[in-house]
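Asks: Below is one structure. I have some questions about it.
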Amino acid sequence: MKKILIYGDSNTWGDNFITGERIPEEKQWVNILRTKYGNKYQFFQEGLPGRIAGNEETIKTYKNGKDTFISTFRTNAPVDKIIIALGTNDLQIKYQKTKDKIIEDLLWYKKQIEESYADLEDQKKYFNDKKLPEIIYILPINFDYQDKASVIFDKESEEKRQQIIREFQKDKKLKTIVANDLELFDDGIHLNYQGHEQMASLVERFL
């Protein structure tokens, strides 16, 4: 059975804007795939609401993605694929992050895995058959910056999101999933039930 680690934010976790809670397990895109693939893949669902790719969060520091990634990877290792589903929260107005900084932070995850793989002790312990896992990026998903989420995201946030997508797609060595036009809850940020179905389909086609 192949193992897939998914390291993401609230849309990996399954945040429900309507109830303020977590959507039913069977409606979460990771679990939709888990049901579909049965014994073919084992999915490690490591999503956290508010998680950013970088380390700019100073109040709720547990949301800093870099701080917990290596321990999360090692806890679940060895895995065959790693899906990084981050970057959306980094586009929030409050962080004032540049496009280049967000790209740098996203690429940090690939670099960390490669550096760990280069360590012979780590390679033996944390990597299946001494193989580097396939690293896949789900690039920042769409949000409603014009209306419902306008307090959190603005036009510049969307422009940076599009720039990040273009930059990643230029690099043919990077494996990326572009998630545009997904259905959202009324907050204009979180995937609704249909959005989770759409995300599952995107990832399924890629797998």
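The values are calculated or read from the model by the stated rules, or taken from the named source; none is laboratory data. Predicted, not measured: the structure shown is a model, and the values here were computed from it. Cβ placement follows ideal geometry from the backbone for every residue including glycine, while neighbour counts extend to all protein chains displayed. For accessibility, only protein heavy atoms count, side chains too; no ligands or nucleic acids. Shrake-Rupley method; radii C 1.70, N 1.55, O 1.52, S 1.80 Å.
Asks: For residues that are open to solvent by less than 60 Å² (accessible area, probe 1.4 Å), farther than 15 Å from I138 by Cβ and of a type outside the set (V, I, T), tally how many sit in the stretch 163-200.
Replies: Total meeting the criteria: 5.
Asks: Which numbered condition trips up Y41, out of (1) more than 15 Å from H190 (Cα to Cα); (2) hydroxyl-bearing (S, T, Y); (3) open to solvent by 40 Å² or more (accessible area, probe 1.4 Å)?
Replies: Status for Y41: all satisfied but (3).
Asks: Under the condition of being open to solvent by 20 Å² or more (accessible area, probe 1.4 Å) and outside any helix (DSSP H, G or I), which residue from the stretch 83-127 is farthest from Q146 (Cα to Cα)?
Replies: Among those residues, the one meeting the criterion is D119.
Asks: Consider the stretch 11-30. How many of its residues are within 22 Å of N89 (Cβ to Cβ), surrounded by fewer than 21 Cβ atoms within 10 Å (Cβ to Cβ) and not hydrophobic (A, V, I, L, M, F, W, C)?
Replies: 6
Asks: Go through the stretch 1-60 and give me each residue that's part of a loop (DSSP other than H, G, I, E, B), among the polar types (S, T, N, Q) and without any contact (Cβ under 8 Å) to a residue 12 or more places away in the chain.
Replies: Listed by number, the residues that qualify are T19, T58.
Asks: Continuing with the same structure: Answer yes or no: is there a residue in the stretch 139-148 that is touching a Gly at 6+ places or on another chain (Cβ under 7 Å) and surrounded by fewer than 15 Cβ atoms within 10 Å (Cβ to Cβ).
Replies: Yes: the stretch 139-148 contains one or more residues that are touching a Gly at 6+ places or on another chain (Cβ under 7 Å) and surrounded by fewer than 15 Cβ atoms within 10 Å (Cβ to Cβ).
Asks: Here's something else I'd like to know. Can you find a residue in the stretch 38-59 that is closer than 21 Å to K111 by Cβ and among the β-branched types (V, I, T)?
Replies: Within the stretch 38-59 (the criterion being closer than 21 Å to K111 by Cβ and among the β-branched types (V, I, T)), the answer is yes, since at least one residue qualifies.
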